[in-house]
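Note sheet for the following structure.
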Amino acid sequence: MSDGGSLGEVVPARLSTARRTARSAERELIAAISAGGRSAMEELYFLHFARLAKFFLHVTGRVDLVEDLINDTMFDVWRESAKIGSDTSVPAWIMGLAYSRGQMRLAAAGLTGPSFEERAVLHLVYAGGFSRQSIADIMDTSGVRVDVLLTDARHRLRRTSPS
């Protein structure tokens with residue numbers, strides 16, 4: 001074994017460093033955006049575009065709404081950038097804005113199957129990899145409510161899925 005440690009020690013340490021660097025870069029972008037930086041906004045937009053597109057497509061099932069919802073969300077990021085807390089995760093904050101924007105847009109859409117909230121929880125857990133606490137923060141609810149929504153969504157999917 002070399003002086004650098006085993007692969008099992010090095011990889012997690014490097015991943016942790018990469019995550020810290022990414023979080024720091026996102027914080028710098030948010031600071032630049034709150035100062036009116038258009039190029040920082042463009043960079044943040046492209047960093048989060050795929051994640052937001054996947055989220056909106058999964059929770060709405062409507063390709064025609066995805067781009068508008070992303071643009072509305074990122075406009076909210078532009079307007080609210082000075083208000084983000086110093087201990088708040090930027091991706092979770094952006095997803096919270098996306099959740100609110102999607103919920104407002106689709107409140108009366110009459111989606112079949114799981115509700116918008118249930119679809120959002122399913123996506124955030126299974127496709128987004130967010131923790132239950134992060135999801136509770138995104139949705140501005142309790143961890144218990146997240147668990148209930150997740151359970152209800154699973155049951156509803158079982159009832160509506162073809163056997």
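Please treat every number below as a calculation from the coordinates, not as lab data. Bear in mind the structure is a predicted one, so any value in this text is a computation, not a measurement. Cβ sites come from the backbone with ideal geometry, for glycine too, and all protein chains shown count toward neighbours.
Residue 68 versus residue 103, label points 7 Å from Cα toward the beta carbon: distance in nm?
In this crude label model, residue 68 to residue 103 measures out at 2.1 nm.
Explain nothing, just the number: dipole magnitude of the stretch 7-160 about its Cα centre with +1 on each Lys and Arg Cβ and -1 on each Asp and Glu Cβ, in debye rounded to the nearest 20. Each step should come with its number before you reach the end.
On the way: 20 positive and 18 negative charges, 86 e Å.
Dipole size: approximately 420 debye.
With Cβ to Cβ distances under 10 Å as the rule, what net charge do the other residues near residue 60 carry (K, R +1; D, E -1)?
Details: positive: 62, 105, 119; negative: 64.
Spelling it out: positives minus negatives among the neighbours equals +2.
Sort 79-86, 139-146 by the packing proxy (mean of other Cβ within 10 Å over each peptide's residues), most packed first.
Working: 79-86: 12.4, 139-146: 15.0.
Going from most to least packed, we get 139-146, 79-86.
Using 1/(1 + (r/R0)^6) with R0 = 22 angstrom and r between the beta carbons of residue 131 and residue 35, what's the FRET efficiency to the nearest 0.05?
On the way: r = 31 Å, r/R0 = 1.41.
Once the sixth-power term is evaluated, E becomes 0.10.
For a quick check: sort 155, 58 by the number of other beta carbons within 10 angstrom, fewest at the front. Please report the intermediate quantities before stating the final value.
On the way: 155 12, 58 16.
Listing 155, 58 from fewest to most nearby Cβ atoms yields 155, 58.
Compute the distance in nm between two label points, each set 7 Å from the Cα along the Cα-to-Cβ direction, one at residue 157 and one at residue 115.
Using points 7 Å along Cα→Cβ, the separation is 1.8 nm.
Grab the Cα-Cα distance for residue 58 and residue 141, subtract it from 0.36 nm times how many residues apart they are, and report the gain in nm with one decimal. Don't skip to the end; give the middle numbers.
Numbers: separation 83, 0.36 × 83 = 29.88 nm, distance 2.07 nm.
Between residue 58 and residue 141, full extension yields 27.8 nm more.
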